[in-house]
Amino acid sequence: MPITAFNSFTDGLDPNRRSREHFITNTNLEDDRLWVPYADGVWFQPCCFNVTSGGFSIVLKGLPGAMVGTHYHVGTVHGYTMRGHWRYLEYDWVAKPGTFIYEAAGEAHTLVITEDSPEPAIILFIIEGGLIYLNKSVDGGFAAYEDGFTALELTRKYYREAGLDVRQLDLLVR
């Protein structure tokens, strides 16, 4: 879950160990161990953590009916739907396999996997900067913050608890 207070977290790597080189990574959508829990019925697999801008790239998986809380982005977002159906509650469109989306910074929305999605939704998101979660049910004010640093921290914690090789995450830090 996103943090609710700012902290002084760093990526944990000495600056001279951070690679700025071209790289590739592979996800394994079938290996349940690699999905980092994010919200009820929602997980992600990391692709890249940008420790310069705070951006990050993930593959998000959500079960039909699952939701990611209302939030807005401080930077742009690109998304590509690989499986399933999802939408933003604030809009009429539904993303299906093959749908590409572009989001301008600063627009609030609530991501939901449609109840009638024929399978879990799998979406690639490239997120430039942080997400500000809103407490929509109370006053619409600040609820939590997420960015590449907090996503990396969450992923490292999950990898340790799941007995996965945390050093593999260092390869995703740019």
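At a glance:
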{"quantity": "Residues being free of Cβ contacts under 8 Å to residues at least 12 places away in the same chain and either assigned to a helix (DSSP H, G or I) or open to solvent by 50 Å² or more (accessible area, probe 1.4 Å) (or both) - total across region 160-174", "calculated": "6"}
{"quantity": "Cβ-Cβ under 9 Å pairs, at least 6 apart or on other chains, region 23-43 side over 26 Å from Val112 (Cβ atoms), far side among the basic types (Lys, Arg) and crowded, with 16+ Cβ neighbours inside 10 Å", "calculated": "Phe23/Arg174"}
{"quantity": "Enumeration of residues in region 143-159 that are open to solvent by 10 Å² or more (accessible area, probe 1.4 Å), in contact with a strand residue (DSSP E or B) (Cβ under 7 Å, 6 or more places away or on another chain) and either within 24 Å of Glu30 (Cβ to Cβ) or aromatic (Phe, Trp, Tyr) (or both)", "calculated": "Tyr145, Leu154, Tyr158"}
{"quantity": "Test: residue in region 134-142 that is open to solvent by less than 40 Å² (accessible area, probe 1.4 Å), assigned to a loop (DSSP other than H, G, I, E, B) and touching a strand residue (DSSP E or B) at 6+ places or on another chain (Cβ under 6 Å)", "calculated": "yes"}
{"quantity": "Region 53-91, residues that are in contact with a helix residue (DSSP H, G or I) (Cβ under 9 Å, 6 or more places away or on another chain) and in a loop (DSSP other than H, G, I, E, B)", "calculated": "Ser53, Gly54, Gly55"}
{"quantity": "Of the criteria (1) modelled with pLDDT of 95 or more; (2) among the hydroxyl-bearing types (Ser, Thr, Tyr); (3) outside any loop (DSSP other than H, G, I, E, B), which one Tyr145 fails", "calculated": "(1)"}
{"quantity": "Lone qualifier among Arg33, Arg20 - being exposed (fewer than 14 other Cβ atoms within 10 Å of the Cβ), at pLDDT below 95 and of a type in the set (Lys, Arg)", "calculated": "Arg20"}
{"quantity": "Condition met for Gly75 (open to solvent by 20 Å² or more (accessible area, probe 1.4 Å) and small (Gly, Ala, Ser))", "calculated": "no"}
{"quantity": "Close pairs from region 52-78: first on the phi > 0 side of the Ramachandran plot, partner of a type in the set (Phe, Trp, Tyr) and modelled with pLDDT under 95, Cβ under 8 Å, at least 6 apart", "calculated": "Gly54/Phe149"}
{"quantity": "Restricting region 92-118 to residues that are in contact (Cβ under 8 Å) with a residue 40 or more places away in the chain, not in a strand (DSSP E or B) and not polar (S, T, N, Q), the residue that is least open to solvent (accessible area, probe 1.4 Å)", "calculated": "Asp116"}
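The values are calculated or read from the model by the stated rules, or taken from the named source; none is laboratory data. All values derive from a computational prediction rather than experimental measurement. Glycine gets a Cβ as well: all are built from the backbone with ideal geometry, and neighbour counts include every protein chain shown. All accessible areas refer to the heavy atoms of the entire protein, side chains included, with ligands and DNA or RNA removed. Shrake-Rupley method; radii C 1.70, N 1.55, O 1.52, S 1.80 Å.
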